Amino acid sequence: MNRSSGKVVQLKGRGFPLGFTPDSAYSDETGKLELNDVLVLITDGISEGQNRKNDIYGFEGLCAALEKLAPELSTAQIVEALLTDFEKFRDGRTLKDDVTIVALKRLK
């Protein structure tokens with residue numbers, strides 16, 4: 001999340017998901033974190049999560065949730081807010097995959 005623009009920038013690498021196979025080749029993606037910018041890493045359980053209508057949460061759902069967050073939130077509060085938004089979206093639908101969110105925030 002780029003705080004100066006208020007927009008989410010997705011880093012798209014090429015290759016298999018991390019840890020998919022031991023011999024996978026990966027591309028490099030770079031970006032610069034400015035003060036208060038947040039880097040969010042997710043597993044596909046978030047991006048592929050569905051609700052009872054079979055709608056997919058996707059990158060769009062994650063971006064919408066991120067863009068609503070106040071800049072002063074801690075990383076723990078960011079993760080909690082994202083998980084809350086995801087759970088509300090799912091509306092009790094059973095998860096078919098793991099759900100992991102890691103947030104890093106530049107403070108200096």
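Quick notes
- Screening the candidates Leu95, Leu82, Leu107 for the property of being of a type outside the set (Val, Ile, Thr), in a helix (DSSP H, G or I) and touching a residue at least 24 places away in the same chain (Cβ under 8 Å) yields one hit, Leu82.
- Lys53 being open to solvent by 60 Å² or more (accessible area, probe 1.4 Å) and at pLDDT below 90: no
- The set of residues in region 43-59 being more than 10 Å from the chain's Cα centre (by Cα) and not basic (Lys, Arg) consists of Gly45, Glu48, Gly49, Gln50, Asn51, Asn54, Asp55, Ile56, Tyr57.
- Test: residue in region 67-75 that is assigned to a loop (DSSP other than H, G, I, E, B) and of a type in the set (Asp, Glu): yes
- Condition met for Thr43 (of a type in the set (S, T, N, Q) and either at pLDDT 90 or above or touching a strand residue (DSSP E or B) at 6+ places or on another chain (Cβ under 9 Å) (or both)): yes
The values are calculated or read from the model by the stated rules, or taken from the named source; none is laboratory data. For clarity, every value in this text was computed on a predicted model and none was experimentally measured. Note that we place each Cβ from the backbone using ideal geometry, even for glycine, and neighbour counts take in every protein chain shown. Surface areas here come from the heavy atoms of the whole protein model, side chains and all, with no ligands, DNA or RNA. Shrake-Rupley method; radii C 1.70, N 1.55, O 1.52, S 1.80 Å.
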